[in-house]
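Engineer: Before we start, here is the structure in question, set down as structure tokens.
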Protein chains: 2
Amino acid sequence: VNPPLLHSYFRSSAAWRVRIALNLKGVAHAIRPVHLTRDGGEHLMDEYRAINPQARVPSLEVDGEILTQSPAILEWIEETWPAPPLLPAAPLARAHIRAICAIISCDIAPLQNSGTQKWLRGQGGFDDPKMQAWLTHWIGSGLAAIEALLARRGETGRFISGDAPGLAECCVIPQLFGARRFHVPLEDYPRLLATEAACTSLPAFMDAAPGAQPDAE
Amino acid sequence: VNPPLLHSYFRSSAAWRVRIALNLKGVAHAIRPVHLTRDGGEHLMDEYRAINPQARVPSLEVDGEILTQSPAILEWIEETWPAPPLLPAAPLARAHIRAICAIISCDIAPLQNSGTQKWLRGQGGFDDPKMQAWLTHWIGSGLAAIEALLARRGETGRFISGDAPGLAECCVIPQLFGARRFHVPLEDYPRLLATEAACTSLPAFMDAAPGAQPDAE
């Protein structure tokens, strides 16, 4: 496998997940920024649509193939570079981690992302208070469900995926950033905050953060 | 592994995905219906919230553990009963199948599901035309992206996952039902329709269909 090329936007939580995973695996890669707001959105231009028909980031180019959708890319990274593992070994434990990732990537992020907000403010006619109520509801209820699942399993926080950060952390850290960006209170999620505190000073996470990206503003 | 118990709602596309996968694997299982609209929603009651803190179907109980989130459950089924495989062997091919599943489970279904529609009609103030515009936009653009990805890979239709139905079909068949239910035109997606035509007469799919469920209405 040659070094992959990641089409990324500094603030996209989905691209951020993949940046963390590549860093945790120590995989050399290049980043090509795709700006989601400049010039009406570089992702909506024909050049990027030819790479990703869904016009979303991230896309990962590798050996002439183009991979899309962060959940699929994360699994591919895990299968292609097994060490260090980003999922536990036991199937039931893997299922619990993947469920946390799915709550974020299915039930929070798609309702929060820029395209959805754009539609709701435009065709949906949402004003600021309605937009805030929408974001608070879906981000809050998703994070609350994750916190409850962690409590049920007796997780104390720190790394959710095991003794080291893994796929859960790839999803949780960008989502907590999104929650703060959209003014969603986090004090009811102590386990998630403990995980975040354990991750943010690690180089793999620092180098993947929006502010460390070539397209950061 | 003892026979799992699936908490299911006949019309939930996420529960339907899991029903197909269990049938394709030939895994004996029991189904416990959770009605999403009767009595204000059985999923919202404390009894079900104790099973699934997110108050969503499906949940899969197995050996005293409770698994949630259909993408995680599908992967667990694949890992627990490897034959017949529901994913191809090669990592890049697996990533393409998982991307199709993710477009459906992340970018279409969560925007279409009953909880989201309820919020939009209630707090969001959506009337029928606005609700229809929302559904048409997100279901249509997701299916169009999948069709474009299949075209790019030179897929002719029939089974997307390989020589037999797999995880892609588990997600595509329920989603096409959802598209029709919400009046989204399908004529621009010939590959997806060919896949559907190849699946619907197979026992694994017939037995998983909403009309074949114990709670069908």
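Engineer: Please list, in order, the residues from segment B:131-149 whose amide nitrogen is less than 17 Å from a point placed 7 Å along the Cα→Cβ vector of B:Glu187.
Structural biologist: Taking a point 7 Å out along Cα→Cβ of B:Glu187, the residues of segment B:131-149 whose backbone N falls under 17 Å are B:140, B:144.
Engineer: So, one more: Enumerate the amide H contacts of B:Thr37 below 5 Å, restricted to partners 5 or more residues apart or on another chain; note that Pro and chain-start residues carry no placed amide H.
Structural biologist: Here the answer is B:Glu42, since their amide H atoms fall under 5 Å of that of B:Thr37.
Engineer: Sorted from shortest, what are the nm distances separating the label point of B:Asp46 from equivalent points in the other copies, each placed 7 Å from Cα along Cα to C-beta?
Structural biologist: Result, one decimal in nm: 6.2.
Engineer: Let me ask something else. Can you pull the one-decimal nm distance between simple spin-label points at A:Asp46 and A:Glu217, each 7 Å off the Cα toward Cβ?
Structural biologist: 2.6
Engineer: Related question: Dipole magnitude of segment B:1-146 about its Cα centre, charges +1 at Lys/Arg Cβ and -1 at Asp/Glu Cβ only, in debye to the nearest 20?
Structural biologist: In debye, rounded to 20, segment B:1-146 gives about 360.
Engineer: Also, I was wondering about something else. In debye to the nearest 20, how big a dipole does the protein assembly as shown give about its Cα centre with +1 on each Lys and Arg Cβ and -1 on each Asp and Glu Cβ?
Structural biologist: The calculation lands at about 320 debye.
Engineer: Solvent-accessible area per residue for the protein assembly as shown at a 1.4 Å probe radius, Å²? Working shown, then result.
Structural biologist: Working: 16930 Å² over 434 residues.
I get 39 Å² per residue for this part.
Engineer: When N is the residue count of segment B:48-138, what does its C-alpha Rg come to as a fraction of 2.2 N^0.38 Å?
Structural biologist: Here the answer is 1.38, to two decimals.
Engineer: Across peptide B:49-62, how many C-beta atoms of other chains are within 10 Å of each residue C-beta, on average?
Structural biologist: Taking all residues of B:49-62 together, the mean is 3.
Engineer: Averaged across A:72-82, how many Cβ atoms of other chains sit within 10 Å of each residue's Cβ atom?
Structural biologist: Shielding by partners across A:72-82 averages 4.
Engineer: Now for a separate question. How much mean residue ellipticity at 222 nm does chain B get from its helices, if each DSSP H run of length 4 or more adds -39500 (n - 2.57) and you divide by all residues, to the nearest 500 deg cm²/dmol?
Structural biologist: -15000 deg cm²/dmol
Engineer: Okay, next question. Does segment A:122-217 classify as rounded, prolate or oblate by the C-alpha gyration tensor (a ≥ b ≥ c root eigenvalues; a/c under 1.5 gives rounded; else a/b over b/c gives prolate, otherwise oblate)?
Structural biologist: oblate
Engineer: One decimal, nm, shortest first: give the distances between the label point of B:Pro3 and those of the same position in the other copies, each label point 7 Å from Cα along Cα→Cβ.
Structural biologist: 5.6
Engineer: Tell me the label-point distance for the pair B:Glu79, A:Arg158, using the 7 Å Cα-to-Cβ offset, in nm and rounded to one decimal.
Structural biologist: 2.2
Engineer: Could you tell me how far the Cα centroid of segment A:13-81 sits from the Cα centroid of segment A:88-151, in Å?
Structural biologist: If we compute the Cα centre of each part, the gap is 20 Å.
Engineer: Then there is this: At a threshold of 8 angstrom on Cα-Cα distance, excluding pairs fewer than six apart, so keeping six or more, what relative contact order does segment B:63-155 reach in percent?
Structural biologist: 23
Engineer: Would the protein assembly as shown count as rounded, prolate or oblate if I go by the C-alpha gyration tensor, calling it rounded below 1.5 in a/c and otherwise prolate when a/b exceeds b/c, oblate otherwise? Before the final figure, lay out each step's value.
Structural biologist: Numbers: a/c = 1.18, a/b = 1.16, b/c = 1.02.
Verdict is rounded for the protein assembly as shown.
Engineer: Rounded to the nearest 20 Debye, what is the dipole magnitude of segment B:76-158 about its Cα centre when Lys and Arg each give +1 and Asp and Glu each give -1 at the C-beta?
Structural biologist: 80
Engineer: Charges on Cβ only, +1 for Lys and Arg, -1 for Asp and Glu, centred on the Cα centroid of segment A:128-205; of A:Leu202, A:Leu143, A:Tyr189, which one is farthest towards the dipole's positive end?
Structural biologist: A:Leu143
Engineer: Would you kindly work out, in nm and rounded to one decimal, the distances from the label point of B:Glu65 to those of the same position in each other copy, ordered shortest first, with label points 7 Å along Cα-to-Cβ?
Structural biologist: Computed spacing set for this position: 2.8 nm.
Engineer: Kindly identify segment B:1-93 as rounded, prolate or oblate by the Cα gyration tensor criterion: order the square roots of the eigenvalues as a ≥ b ≥ c, call it rounded if a/c is under 1.5, otherwise compare a/b with b/c, prolate if a/b is larger, else oblate.
Structural biologist: prolate
Engineer: Among the trypsin sites (Lys or Arg not before Pro) in segment B:5-36, which ones are in a DSSP loop with at most 10 other Cβ atoms within 10 Å of the Cβ? Mind listing them?
Structural biologist: For trypsin sites (Lys or Arg not before Pro) across segment B:5-36 that sit outside H, G, I, E and B with at most 10 neighbouring Cβ atoms in 10 Å, the list is empty.
Engineer: Report, by chain and number, residues whose modeled amide H sits under 5 Å from the one on B:Ser8, excluding near sequence neighbours (fewer than 5 apart, same chain).
Structural biologist: Counting only residues 5 or more places away or on other chains, the set is B:Arg32, B:Val34.
The values are calculated or read from the model by the stated rules, or taken from the named source; none is laboratory data. Source: prediction; values computed, not measured. A quick note on method: Cβ atoms are made from the backbone with ideal geometry, for glycine too, and the neighbour counts reach across all protein chains shown. Accessible surface is based on the protein model in full, side chains and every heavy atom, while ligands, DNA and RNA are left aside. Shrake-Rupley method; radii C 1.70, N 1.55, O 1.52, S 1.80 Å.
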